[in-house]
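Take a look at the structure below.
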Amino acid sequence: MKFSDLVKKRQSVREYLDKPVEREKVEHCLEAARLAPSANNSQPWSFIVIDDLKLKEAVARKTFDRVISFNRFSLQAPVLILLLSERPSFFSRIGSAVKDKQFNLIDIGITAEHLCLQAVEEGLGTCMLGWFNERGVKKLLNIPSQIRVELIITMGYPVSDEIEPKERKEINQIRSYNSYELQK
């Protein structure tokens, strides 16, 4: 599949078939994520793959509550992948402080998208969740306090192959050449 096709096909999937995801496909996605670039090659990430039914349900229940229920679909996903951020390397921390940029979070975003694009190639759907009870997830999985759970990525076979139209700004609203001249 061409890269432009992968990008067009990648979307946030919120309905999954009741069909297990083969570990080989999960491993392909993790390998794509592993190869993502990072500042100073710090690779400030690690992953926890959850495919055990009871544990997956317990973690999924930490992504919503009675009041905020928009992530309830996570219960349907056959796999949850937690994207953890490790403490940035010394040089990355220095660079972040000097440049006032959180390079480790930029790196997390890149590796997450590598994983999700590979999932598309594998015929899988994903959705990145940033809204969840991090403390509750960390307690369930014995994650040390200094490690952050940055994202939970749901993964599975989508109920539908239909690609929703992407609502994006027009290119003229986000692009200029050689100086800041954006049209709103």
*Taking region 65-82 on its own, how many of its residues are closer than 16 Å to Asn133 by Cβ and either β-branched (Val, Ile, Thr) or modelled with pLDDT of 95 or more (or both)?*
8
*Got at least one residue in region 126-135 being at pLDDT 95 or above and in a helix (DSSP H, G or I)?*
yes
_Residue ID - farthest from Lys166 (Cα to Cα), chosen from residues in region 1-45 that are assigned to a loop (DSSP other than H, G, I, E, B) and without any contact (Cβ under 8 Å) to a residue 40 or more places away in the chain_ = Glu22
*Could you check how many residues of region 63-93 are assigned to a helix (DSSP H, G or I), closer than 23 Å to Cys116 by Cα and among the aromatic types (Phe, Trp, Tyr)?*
1
_Scan of region 75-90 for residues that are in contact (Cβ under 8 Å) with a residue 12 or more places away in the chain and under 24 Å from Ser145 (Cβ atoms), ordered by number_ = Leu80, Ile81, Leu82, Leu83, Leu84, Ser85, Glu86, Arg87, Pro88, Ser89
_With the structure loaded, tell me whether Val120 is part of a helix (DSSP H, G or I) and in contact (Cβ under 8 Å) with a residue 40 or more places away in the chain or whether it fails that test._
yes
_Restricting to region 36-75, name every residue that is aliphatic (A, V, I, L, M) and either in contact with a helix residue (DSSP H, G or I) (Cβ under 6 Å, 6 or more places away or on another chain) or closer than 30 Å to Arg93 by Cβ (or both)._
Ala36, Ala39, Ile48, Val49, Ile50, Ala58, Val59, Ala60, Leu75
_Among the candidates Gly125, Gly130, Gly109, residue that is free of Cβ contacts under 8 Å to residues at least 24 places away in the same chain, under 15 Å from the mean Cα position of the chain (by Cα) and more than 23 Å from Asn41 (Cβ to Cβ)_ = Gly130
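The values are calculated or read from the model by the stated rules, or taken from the named source; none is laboratory data. Remember, predicted model here, so these are calculated numbers, not experimental data. Ideal geometry is used to build each Cβ from the backbone, glycine not excepted, and the neighbour counts take in all protein chains shown.
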